[in-house]
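The structure appears right after this line, and notes come after that.
Each reported figure results from applying straightforward, stated rules to the coordinates on display, with no laboratory input. The model shown is predicted, which means the values in this text are computed figures rather than measured ones. Ideal geometry is used to build each Cβ from the backbone, glycine not excepted, and the neighbour counts take in all protein chains shown.
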Amino acid sequence: MLSVVPYRRMAVMASAVTLAFVGLVGWLAHLQLHFSDDGPVSERSTVSSRTARPGRRGAILDCRGTVLAMSVPTKMVCADPSLIFTQHVAIAKSLAPLLQMKESDLLSLISPRVRTNAVDGRLITNSYVVLKRKVPIDTWQQVTQAMARLEMKSPGRRIRASQKLAWDALRYRSVFGSDDYLRHYPSGTLAAHVLGYVSSAETNTDYGPVFEDRGLTGIELTCDRALAGVHGWAVAGGGVEPKEGLNVVLTVDATIQAIVEDELAAAMKKYSPAGVCAIAVRPFTGDILAMASAPTFDPNSPASGVEGWRNRAISDLTEPGSTFKIVTITTCLEEGILTLEDTVDCENGRWWYGGAWLHDVHPYGVLPYEKVICKSSNIGTAKAAVRLGPGRLYQVVRNFGFGQRTGIPLPTEAAGVIRPTNQWSKLSITRVPIGQEVSATPLQMVMAMSAIANGGTLMSPRLIDRLEDSGGRVIVQYPASAVRRVASERVCREMVRALKKAVSREGTASAAEMESYTVAGKTGTAQKFVDGTYKSGKYYASFIGFFPADRPAVCIVVGIDEPDRRVGYMGGTVAAPVFKAIAERIAAYLHLPPDKPSDVPGTGQTPALAARVRVEPAPKVSRQ
Amino acid sequence: MIIAVLALLSLGLVMLYSVSPPHASMRFLSRQLVAGGLGMVGAVAMVVVGYRRLRYVSVVFYLLALVLLAAVLVVGVEVHGARRWFRFGGIQFQPSDFAKLALVLVLAHYCAHCQSLMRTFRRGLLYPGLIAAPVLVLVFREPDWGTAILLGCVTMVMLLVAGVRWGYVVIPAVIGGAVLGAMLAVNPVRSDRIYSWLHLEETRDGVGYQAWRAREALNRGSLLGVGLNQSREKALLPEHQTDFIFAIIAEEFGFVGSVVVVGLFLAFFLSGIVASWRAPDAFGMLLGTGISFLIGLQALINLMVVSGAAPNKGLALPFISYGGSNLAMMLLCTGVLVSIALAGSPGAIVQVGLAESEETATA
């Protein structure tokens, strides 16, 4: 018969198991009823099931809505190696040509990485790898089709139903795409220096990593915060939609920009210089219509043209040379020190002052100041400056915006140098007025010239017109803004008269003369000041002019750095023809009414009135 | 005894309800129903036949189990790096499920046979040890450490109840535990699991992902749960329909639901013990104890794994987890228990019990 012992033992062990069950209930209560907030259980820990979705970056448009830069929706192709598992060879083979990747690279990507050589347990592998980023949508469609067509090799002895499930999982979930964007510049190199470029970077958000484009230079950098979208996130059954970034509308006109770049490219060929640049500005508003620099680069693949990255129009610091004389003479007129009819002795090309000789290119005798500008006499200008005095000259040069940044919304702008008078030597008073011992950027020069063209107001350069949302609603409008008045309208009109003479048969810039428009402008030829000496053989040739002279529509600067001396180095022979070529084409494009020879420029018409007689822009011309 | 039957009935219902939400597709459910139906028929057959007759086939069963376990190592289907399954046509069969019953049967048979000699070393430890060892080793080789440990525990319990000296059981258990610990230390997969169990936060994106998601599910469940079929974790939790089904139950029905499940298992276990207590003969008592502990311990270990109180093993939750052979075997075991219970009860309850279990079969 049974003894008592077994029952006692049974009772003991049964009680032990019962106690364990009761303990389990207590443990569950601890886990489920949130008696404490610590431990791995918290709201934060649900975050990892969210995935961040990038917001689309805004576009950059020209003043007529032509797209200069945009973000094209693409796919980031990802894979789940834990699902791919047995089929990785077949998948690598069919996807490698589509993704343009090496089959072996792809294979190593999609092979499960954490492979436990499990003796019993579950195989835990990595379940997320990025195969390729920025895959075009049509390629992505090919990828999904290829996956759907994929012939499955039977991985062994599995029951049919589960095999089918696995295949479906493989086809539709093992390779998946997530939102991604490719920054695309449809016109290639057009306005590359204005636009800049982006680089794609991974940022860690609260909802996981997200890939976004960040501006590295140009407008892409300065407007990065406006352009950047707001990323959203997705969770099972909901989430927050990402928000598109704002569009930036520039004042640049893509057609004018193309004209300018076209002519600069021709100049590069013709003069084989180190570089050229040009800016076209609306004198009355300061709107930048075009800003170009060569050599250039393609922002679609910025790394391919490193030597072209430099935006010469705002960062080339050179001595402006003769173009600077307009500042000196304007101020003398303004101060009433002289009139254009007053004469000055130009000393036949050699003037001893301050212990050194000052030369003219061509020797002149006694000239009226009108001719001094027209012939670009160094001696005549220097004599005027001596009468003006260093303090006043320095003040005026600063007033015209030299020695400080114009504030154009682009990175890498140079300020230029104008030394304060206490650092001037005895010679300075004869050198500064003719554009030596100072340095300036082409942008500063063109803005100064625009001030004379528009009747005496220095404008701040305007590059961004407005910010819009994706629906075209204006978020921010940037109005034109004046910096200060630098000369009176009367003086400006006189200067324009003198500058018109410069662009005539008798002046230095006859090559800039246009067929049906009067041009006012000034040449500049500066020996480059390198390593403390004026090195012979290296010149910076420039021309700044505007047209039609009495109601100016466009003011253009052309700067040519180190032109080939065999072809020419003078501003009048090198830069002026480039100006002319650009100006003729812009005039045709803008349909400006000719003012020469029949139409006598309105003597009674003030430039301010001319501003109101704006020319209707021509319909958009397709530019190829 | 009525408690036992009622618990069974409720568990059957919980099983049906709980299995359906994780799978929108009817495939899992229908297959589970087929297996359940087969198990029910088997259970009723067991009741009708009576547990005593099992004694005659116990040795045959045992040998058959050994053959199957050996065969599965050779021709079994490899899933997740382990050979545990046979495939016949469309049906998977896990021989270790069968082996559980067979081992319990043969041990009960042996112990009942050598009852008075159990206190001796040879009869009490060596022979039963030799009986149990091949099964344990073969299961261990699959590899299925969870089941092997479970069977080891059940063997110990049965031997103790059969009257073997404490020392004879405890000393081999300690030695076995030491060997197991040593093997754990040198096996990277197992030691990783132990590590992740102890350091859940660190490993939650890797080895500990499953356990971490399960804990997350429990947490989401709170007191009353998120509601039927509202589980979010079932999209994220691996093996949610099999080993980790309890996490989904706890998420959907909350603390209340999980207490009900735990309570039902406890009730089942206790009624099994009561049935064994009242069993008219030693074989019935031992068999009932073995089966009660087998199912009770398996449920306990599974629940502990899911709730993070024990490292990951790979044991299914009896009656509830998806898995045909397991369910069928568990029901068969239940049939045996009922049969034992009936044998130890007054005649009137025999009738009620029979009627009830037939009702269960048709449910």
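Label separation (residue A:230 vs residue A:33): 4.2 nm, computed from points 7 Å beyond Cα along the C-beta direction. Highest mean packing first, where packing is the average number of other Cβ atoms within 10 Å per residue, the peptides B:98-110, A:178-190, A:576-588, A:412-424 line up as B:98-110, A:576-588, A:178-190, A:412-424.
Estimated from the Cβ-Cβ distance and a Förster radius of 30 angstrom, the FRET efficiency linking residue A:591 and residue A:473 is about 0.45. Please give the net charge around residue A:16, taking every other residue with its beta carbon less than 14 angstrom from that of residue A:16, where Lys and Arg add +1 and Asp and Glu add -1. Result for the neighbourhood of residue A:16: +2. Full extension of the chain between residue A:348 and residue A:395 yields a length gain of 13.9 nm, computed as 0.36 nm times the residue separation minus the alpha carbon distance. Sorting A:275-285, A:458-468 by their mean Cβ neighbour count within 10 Å, with the most densely packed peptide first, gives A:275-285, A:458-468. Shielding value for B:312-320 is 1, the average number of Cβ atoms from other chains within 10 Å of each residue's Cβ. Mean partner shielding of peptide B:70-77, defined as the number of other chain Cβ atoms within 10 Å of each residue Cβ, is 1.
What is the diffusion coefficient of the range A:274-396 in µm²/s, taking the Kirkwood radius over Cα pairs and the Stokes-Einstein relation at 20 °C with a viscosity of 1.002 mPa s?
So the translational diffusion coefficient is about 124 µm²/s.
Peptide A:15-22 shows a mean partner chain C-beta count of 5 within 10 Å per residue C-beta.
For all pairs of alpha-carbon atoms in the range A:450-565, what percent lies in each bin of width 10 Å, listed from the first bin to the last filled one? Here the calculated profile for the range A:450-565 is 13, 30, 28, 21, 8, 1.
If we sort B:276-289, A:370-383 on the protection proxy, mean other Cβ atoms within 10 Å, highest first, what's the order?
Taking the mean over residues of other Cβ atoms within 10 Å, the ranking is A:370-383, B:276-289.
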